[in-house]
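Okay, so here's the structure we're looking at.
The values are calculated or read from the model by the stated rules, or taken from the named source; none is laboratory data. On a predicted model such as this, the values are computed, not experimentally measured, just so you know. We place every Cβ from the backbone using ideal geometry, glycine too, and count neighbours over all the protein chains shown.
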Amino acid sequence: MGQFTTVCTAIPYVNSVPHIGNILTDLCGDVTARYLRMRGDQVFFQVGTDENGLKIKESAEAQGRDPYEFVAEIAQRFRDIFDATGISYDDFIRTTEPRHVAACQALFRTLRDNGHIYLGTYEGWYDVSTETFFREEELKDGKSPDGNEVRWVSEDNYFFRLSAFSDRVLAHIESNPNFIRPENRRNEVISFIKQGLRDICITRKNPGWGIPVPDQPELVIYVWFDAVINYIASTGYPNPGFEAKWPPAVQWVGKDILTRFHATLWPAMLMAADLPIFDTVVAHGWVLLSGEKMSKSRGNVVRPLELADELSSRTGISQPIAVDALRHFLTATMALEADSSFSYEEFDFRYNADLANDIGNALNRSLSMAHRFAEGIVPASPVEAEAEEAVRGAKLEYEIAMADYRIPAASAAAFGLIRWLGKYTDSRAPWALAKTNDPALPGVIRSMLHAVRAAEGLVRPMLPSTADAIAAQFGLPPLSEWDAIGSEESLPVGHALGQPQPIFPRLEIEKKAAPAKSAPKAEKTKPMPEATPETKPAPNPAPAADEQITIDDFLKVKLRVARIVEAEPVEGADKLYKLQIVVGEEPRQLVAGIRKSYTPEELIGRQIVVVANLKPAKLRGVESQGMLLAATDETGAAILLMPDREAPEGATVR
RNA sequence: GGCGGAGUAGCUCAGUUGGUUAGAGCAAACGGUUCAUACCCGUUAGGUCGCCGGUUCGAGUCCGGCCUCCGCUACCA
């Protein structure tokens, strides 16, 4: 047993059935794993489900279900979808499994023994639905930044000394340019860490669900702290032998969980435990639908199997081939550095253009020509030089892309070979050569077959069922060794080829009349910011509406004259004053960022103009019940607005 | 506000270290071909390479400023 090449994927939280965006992480991991296996690596490919956390327990109970049974059912659904979409995992780990619990507790113990975990009192606001603590100043209108309910908690908990690892994590990122991919995410992480990392509270009071803290079962480990440990638990940690699979070569994650968890917390945890760190973490963007993130609450989700089933019923292709169509869409159109969009039109379009017209037709036409002009066997004449060159070039381009985990670029290399074949076939025109009994004919036929057989190997990581179907029509075993791509042995001379059979029947897409010019298809890529929530049947956006408001709009803003009675700096802030003011008779507290421009003495006693009906908000933990009006000079300094002469206290301004 | 990214043909995007007529795919128009799943091939787009200025013999490609969009992050009320 040698060293494994380990591929990890972020595990989804089991609170709903996955949509096509959710499986993107696993698909990326799968393509990577399949590619590396073809390269000859002994691959260990981990996937799984994240099942702890209070939210799960509450969801289960809300349905009157036993939590264990509840998560088991949902985890199975994920597993079924992974299986059906061809995710070739070697291990499916659930965070409720004993092996994961044991790994968490072992790691926790190690960190506690090392002094990287300490006991402290946590007091603050807690958002149950995301299991996150918030500082006072992070709250918005008494709710979490995401708008969830929060409750005040005060409990003794363990903290992880994340702050102590800022420098080391940063140094690691900076000295390993490939540690975080793609580049733009790397920059985001660096600037995040440079602001300093705070220690993180990593336990919660045990609600009867979760992983108990060793020796202190009244506490459970925070779900995020526990979740990332699954990667190493999957390799067998802490049992001897896990080192054969640890550390991973690559860890795939969605962009939303990169910065806080996989690029900072998780490496810091590994450092603290003296464990090796994975080579690379790659973050991909989201798959948007009509420009919006898919979410169950929005009701705009596309489920992978439903999509495949629908395609399958429209074309008559088998489900695995339909799944490949989905895999192709995602791997070809995704961009690592940005979000990508899904639409049904685009999906059909890609199916016809890339799969039916390009790869399907290339196979069909090459095989039928071989039967027509070469008696259905692989001719002995040598492959023409330009075909050798095209295959070699595509293969190299593919390898370069995959070395950097640029899956869409690898896909483009594979399809580029197919497109090359179309031009080649036309330029050599075997049907014309046949008429004149040209001796070049067999070499051309063999070259075409050579290219298709190579393409089978190149698309195999993305489209495993399609690749199998191509091999089957060739009457050859699957081309599953990378080095065999483009080789003599992969396509033996004299081999009797199978009969061609369309793999991807063309979809009939009714051509739209001609709305091409007038309506740019409802702005699929850049949805205009719509103020109106909910339904939007006939948007008809009024363009100038932004720039002009009505008098009624203006009168909604209640401006009043107020007097400053006290001014003191806000602790821990260097721009803010806490001001006590009176609006008429009514005392108010304001927070204002004018410390650079005024001393407290200059402020006290002055009359100012304030927005009196502004929703209170917290800045740096201090409530501000309004906003004062000020102009800004060219340096950005504030210039207070004041009445021209003493105004009646609390006078209305308009 | 800070940091970062992006702005290239109708659409999706490529464009290495600055260098001859700025590219690909798709869509559209026209033409060709018939081996193939009405498929494939060729031609056509006359694109101010976001705007302004600068460096240079020469800039999409470097520098400065500005505009717009996006991401991250804030002591923005």
Discussion item. Condition check: modelled with pLDDT under 85, more than 12 Å from RNA strand B (Cβ to nearest atom) and assigned by TED's automatic domain parsing to the domain that holds A:ALA562. Does A:ILE594 satisfy that?
Written reply: no
Worksheet item: Going through the stretch A:191-230 one residue at a time, which ones are in a helix (DSSP H, G or I), surrounded by fewer than 16 Cβ atoms within 10 Å (Cβ to Cβ) and touching a residue at least 12 places away in the same chain (Cβ under 8 Å)?
Response: A:LYS194
Practice prompt. For residues that are closer than 18 Å to A:ASP324 by Cβ and of a type in the set (S, T, N, Q), tally how many sit in the stretch A:15-29.
Written response: 0
Response to the item:
Here the residues within the stretch A:409-423 that are within 8 Å of RNA strand B (Cβ to nearest atom) and in contact (Cβ under 8 Å) with a residue 60 or more places away in the chain are A:ARG419, A:GLY422
Worksheet item: Among the residues of the stretch A:98-107, is any charged (D, E, K, R) and out of contact with any strand residue (DSSP E or B) (no Cβ under 9 Å at 6 or more places or on another chain)?
Response: no
Response to the item:
Note on A:ASP426: of the conditions (1) closer than 21 Å to A:ILE485 by Cα; (2) near RNA strand B (Cβ under 8 Å from one of its atoms); (3) charged (D, E, K, R), unmet is (1)
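Checking the condition free of Cβ contacts under 8 Å to residues at least 12 places away in the same chain and farther than 22 Å from A:THR32 by Cβ, which residue from A:ASP438, A:ASP348, A:ASP358 passes?
Working: A:ASP348 fails: free of Cβ contacts under 8 Å to residues at least 12 places away in the same chain; A:ASP358 fails: free of Cβ contacts under 8 Å to residues at least 12 places away in the same chain.
When all the criteria are applied, what remains is A:ASP438.
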Worksheet item: If we keep just the residues of the stretch A:1-35 that are more than 16 Å from the chain's Cα centre (by Cα) and part of a loop (DSSP other than H, G, I, E, B), which is nearest to A:TYR231 (Cα to Cα)?
Response: A:PHE4
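Could you name every one of the strands (runs of 3 or more DSSP E) located completely within the stretch A:570-654 that has at least 3 residues being under 26 Å from A:GLU123 (Cα atoms)? Give the steps one after another, and end with the answer.
On the way: elements: A:577-583, A:586-592, A:607-611, A:617-619, A:622-624, A:630-632, A:638-640.
Of the strands (runs of 3 or more DSSP E) lying wholly inside the stretch A:570-654, those with at least 3 residues that are under 26 Å from A:GLU123 (Cα atoms) span A:586-592, A:617-619, A:622-624.
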Worksheet, complete the sentence: If we keep only residues of the stretch A:369-379 that are farther than 10 Å from A:LEU497 by Cβ and in contact with a Pro (Cβ under 7 Å, 6 or more places away or on another chain), then the residue nearest to RNA strand B (Cβ to nearest atom) is A:MET369
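Quick one: in the stretch A:238-266, which of the residues that are of a type in the set (Phe, Trp, Tyr) and either under 23 Å from the mean Cα position of the chain (by Cα) or buried (at least 24 other Cβ atoms within 10 Å of the Cβ) (or both) is nearest to RNA strand B (Cβ to nearest atom)?
A:PHE261
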Worksheet item: Going by the conditions given, is A:LEU629 within 7 Å of RNA strand B (Cβ to nearest atom), of a type in the set (A, V, I, L, M, F, W, C) and under 46 Å from the mean Cα position of the chain (by Cα)?
Response: no
